[in-house]
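**Q** Questions regarding the structure given below will be posed in turn.
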Amino acid sequence: MCGIVGAIAQRQVAPILLEGLSRLEYRGYDSAGVCTLAEGQFYVEKTIAKVESLKEQVATHHCPGTLGIAHTRWATHGGATLVNAHPHLHENLALVHNGIIENFDTLKAELIKVGYSFKSQTDTEVLLCLIHKCQQETAGDLQAALFKALAQVRGSYAIALIDRNHPDRLYAARQGAPLVVGVGIEENFIASDVLALLPVTHRFIYLDDGEVVCLGASRIEIFDAQGQPVHKDSVESPLDLESISKGQYRHFMQKEIFEQPQALANTLMGRLSDAGLNPEAIQGLDAAFLNQLEQIKIVACGTSYHAGLVGKYWLEELTGITTSVEIASEYRYRKAVVRPHSLFITISQSGETADTLASLRLAKAQGYSKTLCICNVNGSSLVRESDYVFFTRAGSEIGVASTKAFTTQLLCLLLLAILIGKQRQYLKESTVSALLKEIATLPELTKQVLTCDEQVSALAEQFAGKHHCLFLGRGIMYPIALEGALKLKEISYIHAEGYAAGELKHGPIALIDQDMPVVVVAPDNALIGKLVSNIEEVRARGGRLYIFGTPQEVFQHDEQTKFVSIINAPEVLQPILYTIPLQLLAYHCALINGTDVDQPRNLAKSVTVE
Ligand code: G6P
């Protein structure tokens, strides 16, 4: 999604802005631009290529100045063209924007009537002209104009605005899209994400919806939507630059796959001890509420939604509480029935996904008793707006395709289920201890599963030139098949579908031929007998099978079948462990297909518009 960086300093800001944009690249974008101000003149460079090209352009043409704004654009209104790329300029003003102005066409028509004309197809240029018009009406008072314009706008935005006539200030505002203020010494910044500003500061102020900030090099003034001053303290970010570099790895995704043993160990840290599960694992979770709990609803998007689907199996099995899972973009637009004593859980790596956030707000209005967020980003909107938070502690995830965030989400869901089951005495103490003992082995088992990398890499060769692929799983491994298919399609561009293996004969079996690989997730569990029957259905129709499983006599070995051996692991850990070879398969197929692994086409890491 779009990324914003802005800076006001005593030194040249172009290098800070460009470095910030590089660090926002992972969010996904299709054009980029920068605008600086020096001696009353704007200097603008834009590209529809990578930020690297923008850096070259700025090196050639120079963007001087101690005040500037910059942007990576993920197209919503109008194609990825230079004209549509931000910053947008109108006379004395320059603006960058992340989000969607929903009433832009009505506003545009009104502006055209009073003489404005537009160069781009963007909603951003409409907002810019609206601010300009308001500035005419407020005798040049930019702050008053900004409030006046924002009051007329419907939709979501994070914006940064500069005025040629006011080189001493940078305005920014937030409504439904992320924005942080970076606090420096004699310099201040804004950005969509703290990662953009780590080279220049570690102190941040998180803006809330409706807030507007005016930055000078040595002052920060924050206002609420009514224009009243607001005091907010800055917080120190624990992130360091090391955590956002590729190190010895070729891609962030590869690094993040191999970081999983450590990430999972971090998720467990302090939550699991010899005495069992630490009840403080989830900030503030209150026992009385858990005892009354009657229903759980999980809402999320993408990979996080798949984590929710796995969580449902655990929550129902280990707590006895009815649990349902929904895609956030669906949930937010239907009339759901809410029972008393219900818990609403959101799952999100970024904590900023627009549909998930809107669902949380809706759930609160609908009367859910409590809300819990399983999230990877401290300070994010979902974290701030939920009653309880369970941090995944995966560390920064830069690759667009989610890997370590997913497996740590799974671990949080498993711990949550055990915690609730234990609290409600649905689980016996002995069952809890046995489960926790198995969970403690997870980081080590993850390391062992990662040793299949070479074998999976060789297997991936056989996917070269294939256009379609089927992933099969049963029971709790069904959502893992869905996630395997999602990973493959998003980064290798091979069309892939995940199916519950029992559904094969209700449709997808018609597609089986030697050109469509069938990947089967087949751990040794209670359903293996049933799964073997489904495998035979594929084999009988000449399908090519790629089975990930524990070696057993139940699997027939022939030239139609390739087998990747996965260590025998406790059943409760299988969903987490079997995710790993599927991540590796997707990664190696992407390498063979020569795609942009960390920033696959058209995708965004943090989806801040609906
Ligand atoms: C995007 C990302 C996915 C992610 C989904 C939900 O589509 O590319 O990797 O699963 O958003 O994001 P969240 O941050 O809410 O987990």
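The values are calculated or read from the model by the stated rules, or taken from the named source; none is laboratory data. If you're wondering where the values come from, they're calculated on a predicted model, not measured in any experiment. FYI the Cβ positions are ideal-geometry reconstructions off the backbone, even for glycines, and counts take in every protein chain you see.
**Q** Would you check which residues across the stretch 43-94 are within 23 Å of Ala217 (Cα to Cα) and among the polar types (S, T, N, Q) and list them?
**A** Thr66, Asn92, listed by residue number.
**Q** Name the residue, out of Phe555, Phe548, that is crowded, with 22+ Cβ neighbours inside 10 Å and not charged (D, E, K, R).
**A** After ruling out the rest, the residue left standing is Phe548.
**Q** Do you know which residues across the stretch 195-209 are among the hydrophobic types (A, V, I, L, M, F, W, C) and under 18 Å from Leu170 (Cα atoms)? Talk me through it step by step, then tell me what you get.
**A** Pass one, the stretch 195-209, residues among the hydrophobic types (A, V, I, L, M, F, W, C): 195-198, 200, 204-205, 207.
Residues satisfying the conditions are Ala196, Leu197, Val200, Phe204, Ile205, Leu207.
**Q** Being farther than 21 Å from Ala464 by Cβ, assigned by TED's automatic domain parsing to the domain that holds Tyr478, in contact with a Gly (Cβ under 7 Å, 6 or more places away or on another chain) and of a type in the set (Gly, Ala, Ser) is true for just one of Ala526, Ala501. Which residue is that?
**A** Details: Ala526 fails: in contact with a Gly (Cβ under 7 Å, 6 or more places away or on another chain).
Ala501 is the lone residue from the list that is farther than 21 Å from Ala464 by Cβ, assigned by TED's automatic domain parsing to the domain that holds Tyr478, in contact with a Gly (Cβ under 7 Å, 6 or more places away or on another chain) and of a type in the set (Gly, Ala, Ser).
**Q** Now, a different point. Does Leu285 satisfy the criteria of being among the hydrophobic types (A, V, I, L, M, F, W, C), in contact with a Leu (Cβ under 6 Å, 6 or more places away or on another chain) and either touching a residue at least 40 places away in the same chain (Cβ under 8 Å) or in the same structural domain as Cys373 (by TED's automatic domain parsing) (or both)?
**A** Details: among the hydrophobic types (A, V, I, L, M, F, W, C): yes; in contact with a Leu (Cβ under 6 Å, 6 or more places away or on another chain): no; either touching a residue at least 40 places away in the same chain (Cβ under 8 Å) or in the same structural domain as Cys373 (by TED's automatic domain parsing) (or both): yes.
For Leu285, the condition - among the hydrophobic types (A, V, I, L, M, F, W, C), in contact with a Leu (Cβ under 6 Å, 6 or more places away or on another chain) and either touching a residue at least 40 places away in the same chain (Cβ under 8 Å) or in the same structural domain as Cys373 (by TED's automatic domain parsing) (or both) - is not met.
**Q** Now for a different question. Of everything in the stretch 324-339 that's buried (at least 21 other Cβ atoms within 10 Å of the Cβ) and more than 10 Å from the ligand (Cβ to nearest atom), which residue is farthest from Ser606 (Cα to Cα)? Talk me through it step by step, then tell me what you get.
**A** Looking only at the stretch 324-339, we keep the residues that are buried (at least 21 other Cβ atoms within 10 Å of the Cβ), and these are 325, 328, 331-332.
Then drop every residue that is not more than 10 Å from the ligand (Cβ to nearest atom), which leaves 325, 331-332.
Values: Val325: 21, Tyr331: 19, Arg332: 18 Å.
Restricting to residues being buried (at least 21 other Cβ atoms within 10 Å of the Cβ) and more than 10 Å from the ligand (Cβ to nearest atom), the top hit is Val325.
**Q** Among the residues of the stretch 250-271, is there at least one that is in the same structural domain as Leu372 (by TED's automatic domain parsing), at pLDDT below 90, over 25 Å from Val180 (Cα atoms) and among the aliphatic types (A, V, I, L, M)?
**A** Checked against the condition, which is being in the same structural domain as Leu372 (by TED's automatic domain parsing), at pLDDT below 90, over 25 Å from Val180 (Cα atoms) and among the aliphatic types (A, V, I, L, M), the stretch 250-271 yields at least one hit.
**Q** Same structure again: Output the residue which, of all residues in the stretch 20-73 that are farther than 19 Å from Ile8 by Cα and in a loop (DSSP other than H, G, I, E, B), is nearest to the chain's Cα centre (by Cα).
**A** So, considering only residues that are farther than 19 Å from Ile8 by Cα and in a loop (DSSP other than H, G, I, E, B), the one nearest to the chain's Cα centre (by Cα) is Gly28.
**Q** Still on this structure, please answer the following. Go through the residues of the stretch 23-42 one by one and say whether even a single one is at pLDDT 95 or above, away from the ligand (no atom under 16 Å from the Cβ) and among the β-branched types (Val, Ile, Thr).
**A** Yes.
**Q** Restricting attention to the stretch 493-512, which residues are modelled with pLDDT of 95 or more and either part of a helix (DSSP H, G or I) or charged (D, E, K, R) (or both)?
**A** Glu497
**Q** Return yes when Ile112 is part of a helix (DSSP H, G or I), surrounded by fewer than 21 Cβ atoms within 10 Å (Cβ to Cβ) and of a type in the set (A, V, I, L, M, F, W, C) and no when it is not.
**A** Working: part of a helix (DSSP H, G or I): yes; surrounded by fewer than 21 Cβ atoms within 10 Å (Cβ to Cβ): yes; of a type in the set (A, V, I, L, M, F, W, C): yes.
When the stated conditions are applied, Ile112 passes them.
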